[in-house]
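Report on the following structure.
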Amino acid sequence: MADKIIELKHVNKHYGGVHALKDVDFELRRGEIHCLIGQNGCGKSTMIKTISGVIDVDEGSEIYIDGKQVSGASAIRSMNAGVRVIYQDLSLFPNLTAAENITFDRHLDKTAKGINWNEMYREAERIISRMQIQIDLSDTVENMSIADRQLVAIARALATNARILIMDEPTSSLTRKEVNVLFSIIRSLQENGMTILFVSHKLDEIVEIAERITVMRDGKMISTFDKAETDEKTLAELISGQSVTYRQDFPAHGEETVLKVDHLSRAGQYRDISFELKKGEILGIIGLLGSGRTELMTSLFGMNPPDSGTIVLKGKEVRFGSNREAIAAGIAYVPEDRLLQGLVLDQSIESNTVISVIDKLKNGLGILNKKESRSITDNWIRKLSIKSAAPEINASAMSGGNQQKIVISKWLSTRPDVLILDQPTNGIDVGAKNAIYELIRELAKDGMSILIISDEAAEIYYNCPRALVMHRGRIIRELDTASMSDSEFSQEVLK
């Protein structure tokens with residue numbers, strides 16, 4: 001087990017004036033499951049890219065694969081050495097089938113003009129049989145669930161005879177049941193000789209799956225532990241550099257009803273949904289993927305019109321024909337999928353932050369007030385602690401957690417009456433979670449009404465005095481979180 005398959009010695013990486021990796025020493029042992037954790041912007045993504053040959057490191061840095069030192073950035077060389085990375089966005093082709101995605105890399109160097117489709121499907125079938133899973137190989141990826149897409153991404157890596165699999169936030173959008181399946185596959189891959197580097201912010205999952213755990217902070221390696229030597233609380237403190245404790249601290253809210261949903265239904269998605277949201281209230285909606293929670297929220301945001309029922313906003317019945325109408329009426333929606341729905345990746349942080357209020361920043365001649373635009377962006381970078389961020393940097397250059405913060409800042413800029421947060425801390429580290437939770441409380445104290453949608457019981461329990469549990473498109477119970485312990489709440493959610 002002591003055989004090092006990857007080793008980094010005195011690795012440094014500068015991006016202009018930003019020192020992203022600082023004298024990093026790290027080793028990945030052959031056949032182990034090693035977890036890498038740290039705050040957003042701590043250097044995890046940069047380290048992954050150095051191992052995979054995507055970026056070059058500073059002079060004097062040493063990187064070894066299978067005991068042989070490599071120099072210069074070369075993704076092809078790393079791939080030939082068996083290194084594969086499954087990034088958080090999965091990097092799949094949405095318009096191709098599962099089989100085509102799985103076998104894509106193997107056909108890149110083929111000179112034949114045609115493709116043997118039967119051979120392609122046999123090859124893909126062999127890979128998923130090895131994984132002991134069942135997916136529809138003829139289905140296009142864009143029509144598949146996020147869990148099945150994750151399995152396709154793993155199968156694609158296996159089809160290229162990967163020996164070292166790096167997984168970046170692989171469970172961020174999975175239900176607990178789907179996480180169990182993924183962990184079973186990871187352990188199976190390990191039994192067959194695969195080495196796994198697993199990157200995540202979910203400390204309970206880290207402690208469950210890891211054999212060794214490395215903590216990064218501010219570009220440096222802080223500590224490496226065997227799993228038996230640490231726990232979630234210790235890891236949280238090492239990640240943030242301070243003690244992190246979550247607490248129930250519910251702001252008082254008024255009795256004025258800002259949003260009333262009455263018997264709302266949409267065929268095949270949700271049915272007979274009724275609830276009220278008060279001014280300054282933080283209301284939680286919890287349910288697993290597929291419970292209808294996101295479909296309901298997109299209906300409130302004008303993107304998924306209901307078949308029946310009513311929506312009353314600030315005392316007036318509304319029927320939104322588009323999300324523009326919902327925004328104009330005072331509703332904002334931070335989506336679960338930040339990459340597809342939340343960001344313009346090739347635009348700057350500033351452009352993404354002010355895009356929702358850009359009309360308000362133009363003068364009578366249609367010219368943008370650049371000073372005000374920059375002021376708004378700087379304000380949210382500071383308030384949300386968006387690390388290593390300058391307003392002109394493209395959103396695509398930021399870590400996943402920081403991208404999520406940019407999406408949140410975009411909608412907070414509109415100062416809505418109702419803010420819908422769908423998985424608001426997805427892919428965000430423990431320290432940054434606290435900052436976002438504090439911000440949510442501040443917004444509620446200022447009178448903003450907030451809906452938090454999540455499948456994390458702790459997120460709802462510590463932030464929402466009242467929670468609605470959704471299952472198979474219906475609200476099946478309402479819970480008073482303030483009168484329950486966290487364990488009682490979790491049990492009620494899972495009933």
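Annotations
- Karplus-based coupling profile of the stretch 371-381, in residue order and whole Hz: 5, 5, 4, 5, 5, 4, 5, 4, 4, 6, 4, with θ = phi - 60° in 6.51 cos²θ - 1.76 cosθ + 1.60 and x standing for Gly or Pro.
- Volume per residue of the convex hull around the Cα atoms, evaluated for the stretch 257-494, comes out as 124 Å³.
- Under 18 Å from Lys316, Cα to Cα: lysines that are on another chain or at least 8 residues apart: Lys260, Lys278, Lys279
- Global geometry of the stretch 286-371, whether rounded, prolate or oblate, following the gyration tensor of its Cα atoms and the 1.5 cut on a/c: oblate
- Cut-off 10 Å between beta-carbons: net charge of the residues surrounding Gly292, Lys and Arg +1, Asp and Glu -1: +4
- Cα gyration tensor, the stretch 268-323 - rounded (a/c under 1.5), prolate or oblate: oblate
- Förster-model FRET efficiency, 41 Å R0, Asn323 and Asp486, C-beta, rounded to 0.05: 0.70
- Taking label points 7 Å from Cα along the Cα-to-Cβ direction, Glu232 and Ala435 give a separation of 2.3 nm.
- Shape call, the stretch 305-428: gyration tensor on alpha carbons, a/c limit 1.5: oblate
- For Glu32, net neighbour charge (Lys/Arg +1, Asp/Glu -1) across residues whose Cβ lies under 14 Å away: +1
- Across every pair of non-identical alpha carbons in the stretch 4-240, the mean reciprocal distance, once inverted, gives a Kirkwood radius of 18.6 Å.
- Applying a DSSP loop filter and a limit of 16 other Cβ atoms within 10 Å to the GluC sites (Glu not before Pro) in the stretch 1-107 leaves Glu59.
- One decimal place: the segment Asp58-Thr245 gains 63.5 nm when fully extended, by the rule 0.36 nm per residue minus the C-alpha distance.
- Counting charges near Ala99 (Lys, Arg +1; Asp, Glu -1) among other residues having Cβ under 15 Å from its Cβ returns a value of -3.
- Computed over the chain, the per-residue total of -39500 (n - 2.57) for DSSP H runs of n ≥ 4 gives a 222 nm mean residue ellipticity of -9500 deg cm²/dmol, rounded to 500.
Read-outs: derived from the displayed coordinates by stated rules, not from any lab. The shown structure was predicted, so the numbers you read here are calculated from the model rather than taken from an experiment. Glycine also receives a Cβ, built like all others from the backbone with ideal geometry; neighbour counts cover every protein chain displayed.
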